[in-house]
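Quick notes on the structure that follows.
The values are calculated or read from the model by the stated rules, or taken from the named source; none is laboratory data. Computed from a predicted model, the values in this text were never measured in an experiment. Here the Cβ positions follow ideal geometry from the backbone for every residue, glycine too, while neighbour counts run over all protein chains shown. Ligands, DNA and RNA are stripped out before the accessible areas are found, and what is left, the full protein with its side chains, is counted by its heavy atoms. Shrake-Rupley method; radii C 1.70, N 1.55, O 1.52, S 1.80 Å.
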Amino acid sequence: MFIFTLRRLNLFIFTMLVLTLISFSLSYLFPGDPVINLSGQLNSSEEQLALLNENYHMQDNILWQYWAYIEHIIQGDLGLSMSSQSPVLNEIMILLPATIELSLVALLIAMFIGIPLGFIAAIKHNKTSDNIILSVAMFGYSIPVFWLGLLAILFFSIGLGWLPSAGRISLLFEIDIITGVLFFDILLSDSPDKWQAFQDATTHIILPACVVALAPATIFIRLARASMIEVLETSYIKAVKAKGLSFKQIIFRHALRNALIKIIRHVGLQFANLVTIAMVTEVIFSWPGIGRWLIESIYQRDYTAIQSGLLVLSCFIFIVHILTDFIYAALNPLARGNKHGS
């Protein structure tokens, strides 16, 4: 386990260096002065510009400039947004929890729908139910997310009027930001209408979360189906069949747990896919997350926000991958690496 942790730590450090190198390179690829792209301080006087050049070591070679950039990141200085002239880190800390909240709800929906359907398809292998589930999965995966979001708004919001079409919560409720995750902030608030606010926030997140969850749910269907088929063909399943256990006992006592372990290692990859889909969905549903903020920064040519936002979002996704690997290794000892003498 120690060797496994050390390998992941080395991989994390190497990946962080690569991400910061790419982010640093963007300041030279974007038009304009690199020191302005790094700091975001527009309309600086000659004295301020000279101070920025000194802080970022612009008069030195490229290695010293990169090291100065790393020092600013370690200190939490990601520069100022060119459009709002406010610290980029503050904006990210406000917007990132909204994206995490949407992605987690969508991940839960995708898992609770996709995994059981995949297991059913594996149990009914090469039968009509299996073919129907696979056909639905292929159809759901091929639907563009922007078209699905607009269609969902047209049908469920405008046509039926069941769910809101935009926003995170109604403007009638005033909830103080504590954690940034709206559901937690509602439960921690002292508002007498917090349960009505909780219900309103739930209705606001259902539609965008379902749109985001569709593509990962179809992937979970195929992963769960392949994992269950693989488990059902193993020797220990054949052994318990020979002992006379019923098919239901074999599935729930032996096959289900082992098939779930094989799926856990793919959760981190699907979470990264969720964040990517959420960036488009946030624009369609006016969801105040970091994806919508990044796309607006691209339109506004806010280069400081683009490179800092991409750096933070990439680091967050990689941390999720690392945590998923640790959980998978804790549940599956075979994934921790071979021991001496084995």
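Numbers below:
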{"read-out": "Sequence-distant aspartates and glutamates (8 or more away, or on other chains) whose Cα lies within less than 14 Å of Lys262", "value": "Glu230, Asp325"}
{"read-out": "The chain: angle of helix 303-331 to the longest principal axis, Cα-based, in degrees nearest 10", "value": "30 degrees"}
{"read-out": "With Cα atoms, 0 to 90° folded angle of helix 267-284 axis to the chain main axis", "value": "60 degrees"}
{"read-out": "Heavy-atom accessible surface of the chain: percent carbon and sulfur, 1.4 Å", "value": "67 percent"}
{"read-out": "Accessible surface, per residue, of the range 99-165 when the full set of protein chains is kept, probe 1.4 Å, Å²", "value": "58 Å²"}
{"read-out": "Whole-number percent relative contact order across the chain, with pairs defined as alpha carbons under 8 Å at least 6 apart", "value": "26 percent"}
{"read-out": "Net charge of neighbours whose Cβ lies under 15 Å from the Cβ of Ser23, counting Lys and Arg as +1 and Asp and Glu as -1", "value": "-3"}
{"read-out": "Cα shape, the chain, gyration tensor, a/c 1.5 rule", "value": "oblate"}
{"read-out": "Signed unit charges on C-beta, dipole axis of the chain, positive-most listed residue Ala166, Gln65, Ile205", "value": "Ile205"}
{"read-out": "Average accessible surface area per residue within the range 219-299, 1.4 Å rolling probe, Å²", "value": "49 Å²"}
